[in-house]
There are 2 protein chains.
Amino acid sequence: MTFALDPRLAADTLAIGDLALSRVLLMNDRRYPWLVLVPRREASREIVDLDAQERATLIEEIAASSRFVQSLPGVDKINVGALGNLVAQLHVHVVGRAVGDPAWPGPVWGRGAARRYAPERAAVLIAQARAALVTP
Amino acid sequence: MTFALDPRLAADTLAIGDLALSRVLLMNDRRYPWLVLVPRREASREIVDLDAQERATLIEEIAASSRFVQSLPGVDKINVGALGNLVAQLHVHVVGRAVGDPAWPGPVWGRGAARRYAPERAAVLIAQARAALVTP
């Protein structure tokens with residue numbers, strides 16, 4: 001089955017790898033440690049559009065992504081969100097929040113322009129995420 | 001096992017009933033058709049704090065809640081979110097969004113004071129939600 005990542009998601013993120021169901025992306029915004037899971041199912045817009053087996057896989061991929069984000073320094077809380085008001089392709093945000101971060105205690109979505117990672121910092125994070133999620 | 005709903009969640013919502021894992025609440029804000037699922041597990045703050053079986057149940061309760069919200073008039077999109085930056089007790093929002101609603105296309109959280117339902121309108125919605133979710 002072909003899968004094409006939404007161009008806006010592609011522009012805002014860096015690829016980490018593929019899990020059983022989802023492509024895992026790193027949001028290219030160093031304000032927050034932030035993964036995005038995109039189930040490789042072109043026709044899905046809502047979680048409820050997945051079948052029950054896919055949903056069971058998705059929530060385990062959310063859990064694994066949460067554990068990885070929790071392992072990063074300074075993370076006090078995880079925010080999980082599937083909104084899709086701007087990008088129709090189903091995607092789930094797993095965001096590490098710190099008390100006092102730029103959006104705290106509000107949500108991160110729609111809070112101004114992303115601050116891009118330096119390439120070497122992004123490479124380190126991507127390697128850590130791959131080791132934790134993609135190749136365990 | 002005892003379960004006590006967080007007082008802030010209790011103040012902002014109206015009770016619908018208990019599913020296998022979660023208490024289902026109606027957010028008392030008529031700007032958006034909005035359910036809240038609260039797993040009856042006192043110690044859980046994050047989705048990843050649930051065990052795998054509970055997570056599998058939770059995502060099916062999210063799916064069922066999504067279907068109910070989708071059945072309401074004027075709902076164009078579902079937003080699912082587990083944030084918990086203000087209320088530590090694990091809870092999952094399932095929100096019906098309409099293109100052009102007061103927060104569109106941004107998230108609903110932190111967008112001003114709720115507009116309470118008239119009691120008779122809340123009673124109708126609660127009865128519909130109970131019929132769809134709690135007693136099928």
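The values are calculated or read from the model by the stated rules, or taken from the named source; none is laboratory data. Values in this document were obtained by computation on a predicted structure and should not be read as measured data. We place every Cβ from the backbone using ideal geometry, glycine too, and count neighbours over all the protein chains shown. Each accessible area value is taken on the protein alone, full model and side chains, heavy atoms only, with ligands, DNA and RNA left out. Shrake-Rupley method; radii C 1.70, N 1.55, O 1.52, S 1.80 Å.
Points worth noting:
- A Förster radius of 41 Å, combined with the Cβ-Cβ distance separating B:R116 from A:A4, puts the computed FRET efficiency at roughly 0.40.
- When trypsin sites (Lys or Arg not before Pro) are flagged only if DSSP places them in a loop and at most 14 other Cβ atoms lie within 10 Å, the longest unflagged stretch of chain A comes out as A:1-114.
- Other-chain or far-sequence residues with amide H under 5 Å of A:R111's (modelled H): none
- Applied to segment B:38-51, the Karplus parametrisation 6.51 cos²θ - 1.76 cosθ + 1.60 on θ = phi - 60° returns per-residue 3J(HN,Hα) values of 10, x, 7, 10, 4, 7, 8, 10, 10, 3, 6, 6, 6, 7 Hz, with x for Gly and Pro.
- Where the alpha-carbon atoms of segment A:7-133 are placed on the principal axes, they occupy 37, 30, 27 Å, in descending order.
- The protein assembly as shown shape via C-alpha gyration tensor axes, a/c threshold 1.5: prolate
- Centroid-to-centroid, using Cα positions, segment A:11-53 and segment B:102-122 are 28 Å apart.
- For B:R116, the residues whose amide H sits under 5 Å from its own are B:R30, ignoring neighbours fewer than 5 places away on the same chain, with H placed 1.01 Å from N.
- Relative to the longest principal axis of the Cα atoms of chain A, the long axis of helix A:52-70 makes an angle of roughly 10 degrees.
- Carbon + sulfur, % of accessible area of segment A:7-133 - ligands and nucleic acids excluded, 1.4 Å: 54
- Annotation: per residue accessible area for segment B:7-133 equals 40 Å², rounded to a whole number [probe 1.4 Å, protein chains only].
- Applied to segment B:107-116, the Karplus parametrisation 6.51 cos²θ - 1.76 cosθ + 1.60 on θ = phi - 60° returns per-residue 3J(HN,Hα) values of x, 7, 6, x, 10, x, 6, 5, 9, 5 Hz, with x for Gly and Pro.
- Accessible area buried, both sides summed, chains B and A with 1.4 Å probe, Å²: 2700
- Between amide H atoms placed 1.01 Å from N, distances below 5 Å from A:R23 occur with A:V38, A:R40, all of them 5 or more places distant or on a separate chain.
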